[in-house]
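What follows is calculated from the coordinates using simple rules that are stated; it is not laboratory data. These numbers were taken from a predicted model, which means no experiment stands behind them. Ideal geometry is used to build each Cβ from the backbone, glycine not excepted, and the neighbour counts take in all protein chains shown.
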Amino acid sequence: MYQRVGGYPFFEELVERFYQLVEVDPVLRPLYPQDLKPGKAHLSAFLAQYWGGPHRYSLERGHPRLRQRHISFSIGQKERDAWVTQMVSAVNSMEISSNEATLMVDYFKSTATLLINR
């Protein structure tokens, strides 16, 4: 997938588009720190690695441990749904095949559900 969608630049752009939506989302914005730049870099590296790119995320931050990294955030159904809505919007704004978009959206939906902790 990493190569098919255009490599690292694709994931950086996807994350940039996602974070533009987060910045104005009344449910999500309070969950994020004031400075969004580090989170953008982490998410770009994680997604690139997950989809077959370089292991930059693991080299810099160790094992992803998604549930553990998100446990300090109060994530309920409302937060999960808002996150998925914005990420799906970001994915749909990218120029990729419908098959690739479907694979990504399915991953984001299931992973976001796993992160619900309240």
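With n ≥ 4 as the cut-off for DSSP H runs, can you work out [θ] at 222 nm for the chain, using -39500 (n - 2.57) per run divided by the number of residues, rounded to the nearest 500?
On the way: 7 runs with 77 residues, N = 118.
Helix contribution divided over all residues of the chain: -20000 deg cm²/dmol.
If you count, for each residue, the other Cβ atoms within 10 Å and average over each peptide, how do 65-71, 3-9, 15-21 line up from highest to lowest? Each step should come with its number before you reach the end.
Numbers: 65-71: 12.3, 3-9: 14.3, 15-21: 18.7.
Top of the packing list down: 15-21, 3-9, 65-71.
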Report summary line: Length-normalised contact order of the stretch 1-63, Cα under 8 Å, at least 6 apart, in percent, tallies to 43 percent
Query raised in the report: Residues of the stretch 1-27 with amide nitrogen under 18 Å from the 7 Å Cα-to-Cβ point of T111?
Result: 1-22
Requested in this report: Sorted from largest down, give the three principal axis spans of the alpha carbons of the stretch 1-51, whole angstrom values.
Outcome: 34, 16, 14
Requested in this report: Once every Cα of the stretch 71-114 carries one equal point scatterer and solvent is ignored, give the base-10 log of I(q)/I(0) from the Debye formula at q = 0.16, 0.17, 0.21 Å⁻¹, two decimals.
Outcome: -0.43, -0.48, -0.67
Report task. Using only alpha carbon positions, build the gyration tensor of the stretch 23-84, then give the equivalent ellipsoid semi-axes as the square roots of 5 times its eigenvalues, largest first, whole angstrom. Result -> 23, 13, 11
Query - Dimensionless Rg/Rh of the chain - Kirkwood Rh, Rg from C-alpha atoms - result: 0.93
